[in-house]
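Have a look at the structure below before the remarks.
The values are calculated or read from the model by the stated rules, or taken from the named source; none is laboratory data. Quantities reported herein were computed from a predicted structural model and do not represent experimental measurements. Counting neighbours? That spans all protein chains shown, and the Cβs are built from the backbone with ideal geometry, glycine included.
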Amino acid sequence: MGVVALTLAALGACTGGGADHSPVTDSKSAAVDGATASPLPPGKYQTLPQPCSAVDADALKKLVPGATDYAGKESLTYDTDRRVGCMWQAATAQGVSHKLSIDVERVVSYDPAISDEEQAQKDFDQRAAAASIQLTPTGTPSGTTSPPAVGGTSADTLSGASTGPGAGSGSSSDGSSTGTGSDGSNPDVRPRELPNIGDAAFINDVLHAPASPATTASGPSRDVTLVFRTANVVVSITYVQSSPRGGDDPDSADLQKGAQQVAGQLESRIEH
């Protein structure tokens, strides 16, 4: 009996030391109320488009006139499966400069209770709040928002519209950005929620007047930023125009139209 017991113990030890064949748990799983939650399905999009070829060459020639090369400068990112970007810029002989940059991020949630698309919406909402953009509760643009408060910061933080001195015809008395289209019309160009772009979108418009027009070589500049979400991807487009000293304020309507054109192309590239 002693020999049998020793043999069985040896077999048990060998079995216990074998490979663990239990299923691998996804990194998004976690203990919730003492139980392991199943990971939610991944977001709709798992790849991103090549950023510097995402905008048509003909469109780039109109949006960034005077460039010697329209290949673009790709953004330095550490994971191109998660984030990509590109930038184009040029100046004309008249001293007018343009810069167009795009940033495309595939959002991944590491919370088992939040899907990738829900996390992308949270990220989008945070950007809209930083820009003082009032979103409708349902996420469907209503076409009306409250003007941003006076005293917004720069476009780098997606703030409200320009309020600085010297804003000229590009700023209304309440501090919100105005502007007139090249056809003489006066469309709604306030920072606002936008319909018909992705699942949610907003546009921000900031006019920067030179601090000292008499001493600086540069004139006014305008930053238009358009952010939209489609499923689990969040896209940011920044379109900037600067005028020479003494030049007119860059036109809101034209810049916003250009940013929306780029948004349409990027949305199409992501979906296909």
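Test Arg222 against the stated conditions and say whether it is modelled with pLDDT of 95 or more, assigned to a strand (DSSP E or B) and over 23 Å from Val64 (Cβ atoms).
no
Out of all the residues in segment 108-135, which are of a type in the set (A, V, I, L, M, F, W, C) and within 11 Å of the chain's Cα centre (by Cα)? It would help to see each step written out before you state the result.
Our first condition is that a residue be of a type in the set (A, V, I, L, M, F, W, C); within segment 108-135, this holds for 108, 113-114, 120, 124, 128-131, 133, 135.
Residues satisfying the conditions are Ala120, Phe124, Ala128.
So how many residues does segment 57-95 have that are at pLDDT below 95 and either assigned to a strand (DSSP E or B) or surrounded by 18 or more Cβ atoms within 10 Å (Cβ to Cβ) (or both)?
2
Check Val189 against each of (1) surrounded by fewer than 22 Cβ atoms within 10 Å (Cβ to Cβ); (2) part of a loop (DSSP other than H, G, I, E, B); (3) modelled with pLDDT under 95 and name the one condition it does not meet.
Against the list (1) surrounded by fewer than 22 Cβ atoms within 10 Å (Cβ to Cβ); (2) part of a loop (DSSP other than H, G, I, E, B); (3) modelled with pLDDT under 95, Val189 comes up short only on (1).
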